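A quick write-up on the structure given underneath.
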Amino acid sequence: MTSAVESAFDVALWFADTALEQNEYLQPQKLHRLLFLSQAYYSIAYNSQRLMPAVFIAEEMGPIEPNVYKAFHKGRPNIDAELFLPEEVENFLDNLWRRFGHHSPERLTTLCKDTMAFKQAMKKGRRTEIPLRAMQLSFARAEETPSLQQVIKPKLMRSQTGRPVAVKRWTPGIASSAKG
């Protein structure tokens, strides 16, 4: 299955840089929860596509991406990553950051650990992989987590008459909610 970016490090470093730009310390737990949330919501928003080639596993502390965990264990790793992500990915991550970036690590951990995907994986034991489909279903159906529309705000532009219009990427095969 393809992904929108080459590596989970591209997304992790985007979050780290964004936090740094906003003069905020990004705790490792918060980074992993943001990665988990971004993979799940991207899958919902983009017809089951992966944001990044990443595997999330269930740990007592919450879901983690083990490769990012190891690499960031002693601070920011010195690795090559994409400085410029595709525009749709940047917009998506920016929306996700605006929705969840101000939350504490504890709040994000609670949000992620309360999903069915995490709970099912933990029942099987620590370090059990959390399937993307389970993540997608957990966030798409759950009433305790924000809906996609609450996370990803449509891009607003102005028509030639100055009227505000919502703009979103056209995705073939997705039925429009507008009836005409």
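Here is how the numbers come out for the structure above:
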| read-out | value |
| --- | --- |
| Pairs, first free of Cβ contacts under 8 Å to residues at least 24 places away in the same chain in region 55-80, second assigned to a loop (DSSP other than H, G, I, E, B) and surrounded by 21 or more Cβ atoms within 10 Å (Cβ to Cβ), C-beta under 7 Å, six or more apart | none |
| Filter result (within 20 Å of E82 (Cα to Cα), of a type outside the set (A, V, I, L, M) and buried (at least 17 other Cβ atoms within 10 Å of the Cβ)) within region 19-49 | H32, F36, S38, Q39, Y42 |
| Residue count for region 33-71, restricted to those that are out of contact with any His (no Cβ under 9 Å at 6 or more places or on another chain) and in a loop (DSSP other than H, G, I, E, B) | 10 |
| Positions within region 23-41 being in contact with a Phe, Trp or Tyr (Cβ under 9 Å, 6 or more places away or on another chain) and under 15 Å from R98 (Cα atoms), in sequence order | L26, K30, L31, R33, L34, L35, L37, S38, Y41 |
| Of residues in region 127-158 being part of a loop (DSSP other than H, G, I, E, B) and closer than 21 Å to R107 by Cα, the one modelled with the lowest pLDDT | S147 |
| Residue within region 21-32 that is acidic (D, E), assigned to a loop (DSSP other than H, G, I, E, B) and at pLDDT 95 or above present | no |
| Complete set of residues in region 80-99 that are more than 16 Å from A12 (Cβ to Cβ) and either among the basic types (K, R) or assigned to a helix (DSSP H, G or I) (or both) | E87, E88, N91, N95, R98, R99 |
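The values are calculated or read from the model by the stated rules, or taken from the named source; none is laboratory data. Values in this document were obtained by computation on a predicted structure and should not be read as measured data. Heads up, the Cβs are rebuilt from the backbone with ideal geometry, glycines too, and the neighbour counts pull from every protein chain shown.
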